[in-house]
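Notes follow once the structure below has been shown.
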Amino acid sequence: MLCIAIKIMLYDKTRSFVTLLGVVFAISLTFAQMGIYLGLMETSSVIIDHTPADIWITSKNSKNFDFSQPIPEYLHYHVLSAEGVKWAENLIITWGVIKQQEGGTSSSNFNIF
């Protein structure tokens, strides 16, 4: 059976090469998409991964960590007064446009603790 498959592949070498090239290209696109996805997941959770917090409190109905709504200041003190809480910090995330020396611009987010 394997011998027949090899004969068919070697019968038209150009067609077999183009088919193999297409399969390799499709696999490389899949790996590129996986790399982009994993990179975005790593970037989006870098603040949470490198902060020693056990609990994160955010505004109601927040869909995304970067675009949550502000929490009233009294809730910060309410959290501090809860039993077992040693410390609580405010995290301010804002977006800004950076003017580059070459003349271009770049948008970036800034995290302020």
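Values in this text are rule-based calculations from the coordinates and carry no lab data. The model shown is predicted, which means the values in this text are computed figures rather than measured ones. No Cβ is skipped: glycine too gets one built from the backbone with ideal geometry, and neighbour counts run over all protein chains shown.
What is the extension gain from Ala5 to Ile92, computed as 0.36 nm multiplied by their sequence separation minus the C-alpha to C-alpha distance, in nm to one decimal? Present the calculation step by step, with values, prior to reporting the outcome.
Numbers: separation 87, 0.36 × 87 = 31.32 nm, distance 6.26 nm.
Value of the extension gain: 25.1 nm.
Can you list the trypsin sites (Lys or Arg not before Pro) in the stretch 15-113 that are in a DSSP coil and have 14 or fewer other beta carbons within 10 angstrom? Sites meeting the loop and neighbour criteria: Lys60, Lys63, Lys86. Rounded to the nearest 10 degrees, the inclination of helix 13-44 to the longest alpha-carbon principal axis of the chain is 10 degrees. Compute the long axis of helix 2-11 from its Cα atoms, compare it with the longest principal axis of the Cα atoms of the chain, and write down the angle in degrees, 0 to 90, nearest 10. Value to nearest ten degrees: 80.
The charge dipole of the chain, taken about its Cα centre with unit charges on the Cβ of Lys, Arg, Asp and Glu (plus for the first two, minus for the last two), comes to roughly 700 debye. Value of Rg to Rh for the stretch 52-113, rounded to two decimals, is 1.12; Kirkwood radius and Rg both from alpha-carbon coordinates.
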